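Encoded as structure tokens, the structure appears first; notes follow it.
The values are calculated or read from the model by the stated rules, or taken from the named source; none is laboratory data. Remember, predicted model here, so these are calculated numbers, not experimental data. A quick note on method: Cβ atoms are made from the backbone with ideal geometry, for glycine too, and the neighbour counts reach across all protein chains shown.
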Amino acid sequence: MCSPVLLGRCLLSCLAVLWGVVPTASLGEDSLSSADQLLTVSLVPDGTRVINTESCLVSAIAHSVGGEDVLRREVAAACQQWAAPTNLNFAWAPDAGLPLGARGLLRQDPRFGDVRIAAIPLPGDVRGVAFSRDSVVAGTWAGDLILNADYPFTLRSLQEVLIHELGHVLGFEHVQGEESVLNPANGLVALTPSDVSRLQQRWGTRDLDRNDRERLNNSAKHATGLDLDNTRKGALPALAFGDIGDLDDVDWYEFRVDANWAGHVEIQVRTQGNSMGQLFVEVLDDRQRVVAAGQVGATNDGVLRKRFATRDFRGGSYLRVRSTGEELSVGSYAVVAFYVEALETDLEFMERAATWQYSHLSQSDTRYLFRRGEAAFFFADDLHTNDTLATAQPLVRSDVPVTANLHRIDASISDALDLDFYLVDVPNEFAGQAMTIRVHSRDDGRLVPAVTVLSSQGDALAHRTVANGNGFLVVQLDAVEAGSYAVLVAGNSQAVTPFDTGNYSLEVRCDLPGVHLATLGQGEVASGETQFHTLRVARSQMFHFGLLADTAGEGNDAVIFATLFDETGKAVYFVATRPGEFRSAQSIMLSPGSYVLRVTVAVGASSVPSPGIAYRFEGLPDSENEGPTLLDPTLSPFPQCDPTRDAFCYPEGSYESPYIWVDGISPDLLPPEEPLNTWDNVDQFYWPQLVIV
């Protein structure tokens, strides 16, 4: 069992600004697959830190229901229930045991899943809690699901809580008065028609894959060609993607092995990194006789490999992929074929390419990817065709969700001079609402994007930045008028290689609430100076922070740093920006206590000492509720002063807010001893894997 802790109910709000709605439905023939259509899932190892205790998922939950394999099976079944009816896939990911909420990528971090499942003791009336993927303040907490380690789970009750909480992970709230897995009074273990309807209204019905859109490949006659002929004499693999959309779907592929090649050919079907589908695979000879068969899915970690001597094939041979016939055995997959002895492509690179990240690519595109390598590949190079407002590319409104006025595209900035202009229409019914523009940089450690919003005549429009870091740039305009708007995406004008080019996803929508960050601390800092602020937290709280700095003197290569320390002097949050920019970093869950914010500035060796630079440290707490809180409020360092009113006793006085900011360091705190930051390229700090705090 887990060590006992005093935790209260955890309810997080669903500000769908940073994450937005997960998939995009009804992809047209030339559309690219959204990175949002895949969510990775990992089971947190026992001993992983979860706020102020350790997870015991395996020893508590798995043990009570029959073992870890049973737990994995039930998690996959719940995920598949939500994925099967719509354009969504879940896929397993490893978990390195980093604390929940650790600094990291907001999507597909290689160290843990987008959805991490843990278990800690919770109050007796709580079986589980979930952090919505729609939260602007949750950071890598977004999507995480925590089970109550003290609850006596049966297989049935585990199924109930998993499917219910996964609905919250996807951004759905409780419903009352209807049969639904989202109704906590129902205790259901399968989606109802109303759940499926709600799901498809938001994300659409499951779409045909690329091959079926060109021509249904459900027979040998209409098989999709698996191109082994144009692989540079076997130096490159052939790679294709598909999707089994229902129990009756069958995908055929035809391939021809070079009879003059004396060696072996290997064929792989991979759900790993693509879905949790359990699929049945057959290899057939030129007479359509089955020569090999097997399943791919959880039983073999999502990879089925079949190797043959090339002499075993004559003429056209076939690969057939279909559902196993089991309920919910649907999902996306990749097919890889290569000549074993001739292959020159790095196997790890090949395995990364055979995942959802590249599933929008055609076979000719994947050959280009293998020839050029990841660093030089742009999956939607427009060849400078939309570099001006006059040549701006109109974006087509997505069919779902109908309430969003959603426009999206996947594209790339291919060189330092590349500019991407897009046109977006706002119909009358969306006038007066906020417009949210979100750019997701798809290549970890590369593009640091910039966005400009213009009228259709080219006039720059004022907007505010909500988030700018960890691969995401989010800006908003309030109360837009009906009409046409232009959005310009480019690399940050001050960025250098490798931060000035890369692939990205752009999303423009009009259904999300306006987010306004509050100024928490402000001042002026110059070279050699240090500014301090004090934060008091009475209840556990999730925070989204950012740092805005005014412009400095011309040619002054300065970096402004803000670091938050706990009472032990440990750095718990870090962000860096350049003058004239707003940058944000990993959102953080802060436990009750006192914290010190240190603000400094550093300049490059070729720059003169920086004069005073004005800064604002801004932030946003969870909008509706706090995170896990002490059941006994008297154990908080800042308890409620009066049980009749919601006010807290701080050294600075009584305040109704569960947190306060104070300029300077309080006398009860010591300045942190950690050395001051030294100058470095500020874009290094944009990506969490390039800097460790």
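List of remarks:
- Filter pass, Ala238 being closer than 30 Å to Glu341 by Cβ, touching a Phe, Trp or Tyr at 6+ places or on another chain (Cβ under 6 Å) and either at pLDDT 90 or above or surrounded by 20 or more Cβ atoms within 10 Å (Cβ to Cβ) (or both): no
- Of all residues in segment 499-538, those that are in contact with a Gly (Cβ under 9 Å, 6 or more places away or on another chain), of a type in the set (Val, Ile, Thr) and either in a loop (DSSP other than H, G, I, E, B) or without any contact (Cβ under 8 Å) to a residue 60 or more places away in the chain (or both) total 1.
- Enumeration of residues in segment 63-91 that are more than 16 Å from Gln278 (Cβ to Cβ), free of Cβ contacts under 8 Å to residues at least 60 places away in the same chain and in a helix (DSSP H, G or I): His63, Glu68
- Considering the conditions (1) farther than 22 Å from Ser484 by Cα; (2) in a strand (DSSP E or B); (3) at pLDDT below 90, Ser412 is excluded by exactly one of them, (3).
- Lone unmet requirement of (1) surrounded by 15 or more Cβ atoms within 10 Å (Cβ to Cβ); (2) polar (S, T, N, Q); (3) under 30 Å from Arg287 (Cα atoms) for Gln200: (3)
- Some residue of segment 123-144 being over 30 Å from Ser194 (Cα atoms) and part of a loop (DSSP other than H, G, I, E, B): yes
- Hey, Asp195 touching a helix residue (DSSP H, G or I) at 6+ places or on another chain (Cβ under 8 Å), surrounded by fewer than 22 Cβ atoms within 10 Å (Cβ to Cβ) and of a type in the set (Asp, Glu) or not: no
Yes/no per residue for (1) at pLDDT 95 or above; (2) assigned to a loop (DSSP other than H, G, I, E, B); (3) crowded, with 17+ Cβ neighbours inside 10 Å:
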site	(1), (2), (3)
Thr299	no, no, no
Tyr318	yes, no, yes
Gly325	no, yes, no
Met350	yes, no, yes
Asp387	yes, yes, yes
Val400	no, yes, yes
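- Gly177 being surrounded by 15 or more Cβ atoms within 10 Å (Cβ to Cβ) and more than 31 Å from the chain's Cα centre (by Cα): no
- So Tyr333, is it within 21 Å of Thr355 (Cβ to Cβ) and either touching a residue at least 40 places away in the same chain (Cβ under 8 Å) or surrounded by fewer than 22 Cβ atoms within 10 Å (Cβ to Cβ) (or both): yes
- Of the residues examined, Val290 is not one that is β-branched (Val, Ile, Thr), in contact with a Pro (Cβ under 8 Å, 6 or more places away or on another chain) and at pLDDT 95 or above.
Conditions tested, residue by residue: (1) in contact with a Ser or Thr (Cβ under 6 Å, 6 or more places away or on another chain); (2) among the basic types (Lys, Arg); (3) under 23 Å from Val559 (Cβ atoms).
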residue: Val424; (1), (2), (3): no, no, no
residue: Asn428; (1), (2), (3): no, no, no
residue: Gly432; (1), (2), (3): no, no, no
residue: Ser456; (1), (2), (3): yes, no, no
residue: Gly471; (1), (2), (3): yes, no, yes
residue: Ala482; (1), (2), (3): no, no, no
residue: Ser493; (1), (2), (3): no, no, yes
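- Answer from Asp229, Asp251, Asp212 - the residue that is acidic (Asp, Glu), touching a residue at least 40 places away in the same chain (Cβ under 8 Å) and either surrounded by fewer than 16 Cβ atoms within 10 Å (Cβ to Cβ) or out of contact with any Lys or Arg (no Cβ under 6 Å at 6 or more places or on another chain) (or both): Asp251
- Put simply, of Leu631, Leu597 the only residue that is of a type in the set (A, V, I, L, M, F, W, C), more than 25 Å from Glu524 (Cβ to Cβ) and either in contact with a strand residue (DSSP E or B) (Cβ under 8 Å, 6 or more places away or on another chain) or at pLDDT below 80 (or both) is Leu631.
- Residue that is modelled with pLDDT under 95, touching a strand residue (DSSP E or B) at 6+ places or on another chain (Cβ under 6 Å) and crowded, with 22+ Cβ neighbours inside 10 Å, where the choices are Gly139, Gly143: Gly143
- Scanning segment 563-587 for residues that are closer than 22 Å to Pro675 by Cβ, in a strand (DSSP E or B) and under 25 Å from the mean Cα position of the chain (by Cα) turns up Thr563, Leu564, Ala571, Val572, Tyr573, Phe574, Val575, Ala576, Thr577, Arg583.
- Unique residue being assigned to a strand (DSSP E or B) and surrounded by 23 or more Cβ atoms within 10 Å (Cβ to Cβ) when the list is Leu447, Leu454, Leu547: Leu547
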